[in-house]
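The values are calculated or read from the model by the stated rules, or taken from the named source; none is laboratory data. On a predicted model such as this, the values are computed, not experimentally measured, just so you know. Cβ atoms come from the backbone with ideal geometry, glycine included; neighbour counts cover every protein chain shown. These accessible areas exclude ligands, DNA and RNA; they are computed on the full protein's heavy atoms, side chains included. Shrake-Rupley method; radii C 1.70, N 1.55, O 1.52, S 1.80 Å.
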Amino acid sequence: MTLRVALVGGPMYDDLYRRFTESPDHDVEVVVHADHPTLNREVAERLDAGERLDLISTHGKYAPSQSRWLRPLDDLIGAEVLEPLAPRAVDLCRFRGELLCVPRNIDVRVLWWRTDVLDAAPVTWGDVVDAPGAFGFTGRESGLFGLFYELMVASGATPFDADGRPTLTGDAAVAAVERLCTLASQGPDDLPHWHYDEVDDALLDGRVAMAAAWPGGYERIRTSDRYETLRPAAYPGGKSYSGCHGWAIPRTCGDVDGAVALLTDLAGMDAQSIDAAAGTIPAHRDALDAYVPVDDVDAQRLAVTRSTIEVAMLTYPPLECFPEIEDAAWGAIHDALVGTNDVATAVERMQSAAVAAVEAAS
């Protein structure tokens, strides 16, 4: 049976897919191939309608919201598949004790800064504001909410309490949105409309002096004309909004054995080595250890990323309604960036929408 798969798209992800789209070992039809927000919407519509999907790309923070459509994997995926994977990555793929997806990679942001503009990498968010040149960031969707989250935590606040209730309010939230507005005002006029690729474009085109980048963005940086003047550094403020991409098997799967075989292959050493070569941080520990940096800057990038994973990962509460909270929050912040909302209104909208989403899900 041909396996119907839905995949996250982008330069950092796509090299791996040749493993099955060009291989006789797997008979695969790609029915969705899109950026993650679009992928999530497409998958939700198809699974809600009962459409057969056999394997999907997902993410540890989104899998809980998809849990009603996903098969728990504990009885399907053998211990020999999970044992080589980073335990924390596996834990981030669990929800209410059940393994909903198998981790593909670990995503943490690090800072890339221009040595021809800055004398040193900024350490704090205050340093970022005061530095010459602009800081590039995503002005919409998950990346914007992630930056707000990082700014709140860097100030000592907690966006969610121990029970997962939202605390996206108060002085820390106001200060975080105000800082985002300041950073946006220092950048190009179109910054509030940037998505991930546009941030990379701005850094590599010289429009900003520094920007965050996910591990998978490294290949574009390495092959750019600006590579000689770019260096990686620890993320400002000491915390990086992080998570794990993964593979899940929907309940509408028509060939569970085939889906398990494909997932097992994708989680294995050979496939994960392809992801490592593309610059991502594979969940497979041996694949990461086997990766040989191409130069001293790459070795520095890898060391900074490993350290960030070890001490600076900022993760999300396991909430079924988390995507709704993220969507409402980034929309409110974006409106403040473009001036159609004031900061106080943005914070009030965020908190009210987050509380309503949690109450509706309980």
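Please state which of the following conditions T340 fails to meet, knowing it meets all the rest: (1) among the hydroxyl-bearing types (S, T, Y); (2) modelled with pLDDT of 95 or more; (3) in a loop (DSSP other than H, G, I, E, B); (4) within 24 Å of G60 (Cα to Cα). Result: T340 fails condition (4) only.
Scanning the stretch 310-337 for residues that are of a type in the set (A, V, I, L, M), farther than 22 Å from C181 by Cα and either open to solvent by 50 Å² or more (accessible area, probe 1.4 Å) or at pLDDT 95 or above (or both) yields a single hit, V311.
Out of curiosity, is V108 within 18 Å of L263 (Cβ to Cβ), of a type outside the set (K, R) and buried (at least 18 other Cβ atoms within 10 Å of the Cβ)? Give the steps one after another, and end with the answer.
Numbers: within 18 Å of L263 (Cβ to Cβ): no; of a type outside the set (K, R): yes; buried (at least 18 other Cβ atoms within 10 Å of the Cβ): yes.
No.
Restricting attention to the stretch 61-82, and to residues there that are of a type in the set (A, V, I, L, M) and closer than 12 Å to I249 by Cβ, which single residue is surrounded by the fewest Cβ atoms within 10 Å (Cβ to Cβ)? Step through it out loud before you land on a result.
Step one: of the stretch 61-82, the residues of a type in the set (A, V, I, L, M) are 63, 70, 73, 76-77, 79, 81-82.
Within this subset, residues satisfying the condition of being closer than 12 Å to I249 by Cβ are 63, 70, 73, 76-77.
Details: A63: 26, L70: 23, L73: 22, L76: 17, I77: 19.
Checking each candidate, the answer is L76.
Applying the condition of being part of a loop (DSSP other than H, G, I, E, B) and farther than 18 Å from N105 by Cβ to the stretch 293-306 and asking which residue is least open to solvent (accessible area, probe 1.4 Å) yields D295. Cβ separations smaller than 6 Å between residues 6+ apart or across chains give the following pairs from the stretch 224-249 residues that are within 13 Å of V102 (Cα to Cα) to residues that are open to solvent by 40 Å² or more (accessible area, probe 1.4 Å) and not in a strand (DSSP E or B): I249/R71. Exactly one residue among R41, R96, R104 is over 22 Å from A175 (Cα atoms), free of Cβ contacts under 8 Å to residues at least 24 places away in the same chain and not aliphatic (A, V, I, L, M), and that residue is R41. Scanning the stretch 24-43 for residues that are open to solvent by 40 Å² or more (accessible area, probe 1.4 Å) and either over 21 Å from L262 (Cα atoms) or part of a helix (DSSP H, G or I) (or both) yields D35, T38, R41, E42. Total residues in the stretch 339-355 satisfying the condition of being open to solvent by 60 Å² or more (accessible area, probe 1.4 Å) and in contact (Cβ under 8 Å) with a residue 24 or more places away in the chain: the figure is 2. The set of residues in the stretch 5-16 being closer than 20 Å to I249 by Cα, assigned to a helix (DSSP H, G or I) and open to solvent by 10 Å² or more (accessible area, probe 1.4 Å) consists of Y13, D14. V123 meets each of the listed conditions (1) out of contact with any Pro (no Cβ under 7 Å at 6 or more places or on another chain); (2) modelled with pLDDT of 95 or more apart from (1). Checked against (1) more than 19 Å from the chain's Cα centre (by Cα); (2) in a loop (DSSP other than H, G, I, E, B), D286 passes all but condition (2).
Each residue in the stretch 45-60 was checked for being out of contact with any His (no Cβ under 7 Å at 6 or more places or on another chain) and open to solvent by less than 30 Å² (accessible area, probe 1.4 Å), and 7 of them qualify. When you check V358 against the structure, is it buried (at least 18 other Cβ atoms within 10 Å of the Cβ) and either free of Cβ contacts under 8 Å to residues at least 40 places away in the same chain or within 25 Å of G187 (Cβ to Cβ) (or both), yes or no? Against the criterion (buried (at least 18 other Cβ atoms within 10 Å of the Cβ) and either free of Cβ contacts under 8 Å to residues at least 40 places away in the same chain or within 25 Å of G187 (Cβ to Cβ) (or both)), V358 does not qualify. With respect to the stated conditions, R349 fails to be touching a strand residue (DSSP E or B) at 6+ places or on another chain (Cβ under 8 Å), among the basic types (K, R) and modelled with pLDDT of 95 or more.
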